[in-house]
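The values are calculated or read from the model by the stated rules, or taken from the named source; none is laboratory data. The shown structure was predicted, so the numbers you read here are calculated from the model rather than taken from an experiment. We place every Cβ from the backbone using ideal geometry, glycine too, and count neighbours over all the protein chains shown. Each accessible area value is taken on the protein alone, full model and side chains, heavy atoms only, with ligands, DNA and RNA left out. Shrake-Rupley method; radii C 1.70, N 1.55, O 1.52, S 1.80 Å.
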Amino acid sequence: MQFLRELSMGEIVSRLAAFLLYAALQGFLLAALARAMGDRRPQHDGRLSLNPFVHLSVWGAAFAALFAVSWVRSIWYDAAQSRFGRYGAALVTFLGLAAMVVLVPLIDLLQPLVLLLPRTGSYAVLYVLDQLQLIAISSVLLNLLPVPGLVGGGFLQALWPNAERRLRQAEPICIAIVMAVIVALGFPDPTTMGLPLLSIG
C-alpha cells in the first residue's frame, strides 16, 4: 500500500519510541491541567502519570508509526469539580494542545546533551526527538477536531457535560472514520504548512 512506501523498520521503531514520549507528555499535561483546575477525575482514573502505557491508544500507536500522527486514550472530565464548570474541559483541551506546541521548539534544547552520548546512540536519540517533534505537531493539528476519541473530544464534553454515555458510544465509530480518512487521503506534513518556524528537525 502507498502509505507503506518508504518506511523502514528503523523509522517505524523510532516513531513508536517517539509516540511513547508523546503519549506520556500529552496525557500527563491534560490530567495535570485538569487537576490544577480542581477536577480530580483524571487523577482518580490514573491519568496523572508520565507512564505512556497509561495514556496510549493502540490505534494511535499504529498511526504514529505509519503516518506520524496520533492521539492518546480519551480523558474524561467532571464539570462539577472544575473551577470553570462545564467550560473547564474545553480550557484543559485547548491549553493541553497549546502546551504540546510550546514543547516542540524546547525539544531542540536537549540536543547538546544528547550529543554527549556515544555517536551511534546520539544519532538514534536525535532521530527519535525529530520524530517526536513531527508527531507532536501533526497530532495537535488532528486533535483540534472536536471528535470523540481525540483530545478535541474535550470540547464536546464542555458542550454536553451530561452526555458521556453517548460520547463513549460514538467514540469507536468516530475514530474509525478518522482512521479511514487518513488512510485514504494521508495527513498533511506540518513542515510544509508554515510550521518550520517551530524548529521541527
Selection from the stretch 24-49 of residues that are among the charged types (D, E, K, R) and outside any helix (DSSP H, G or I): Asp39, Arg40, Asp45, Arg47
Output the residues belonging to the stretch 19-52 that are open to solvent by 60 Å² or more (accessible area, probe 1.4 Å), without any contact (Cβ under 8 Å) to a residue 24 or more places away in the chain and either under 17 Å from Gly152 (Cα atoms) or not polar (S, T, N, Q) (or both). Arg35, Ala36, His44, Leu48
Condition set out of contact with any Cys (no Cβ under 9 Å at 6 or more places or on another chain) and of a type in the set (A, V, I, L, M, F, W, C), scope the stretch 146-166, selection surrounded by the fewest Cβ atoms within 10 Å (Cβ to Cβ): answer is Trp160
Val58 vs (1) surrounded by 15 or more Cβ atoms within 10 Å (Cβ to Cβ); (2) free of Cβ contacts under 8 Å to residues at least 12 places away in the same chain; (3) of a type outside the set (Phe, Trp, Tyr): all pass except (1)
Given (1) modelled with pLDDT under 95; (2) crowded, with 21+ Cβ neighbours inside 10 Å; (3) not hydroxyl-bearing (Ser, Thr, Tyr), index of the condition Pro105 fails: (2)
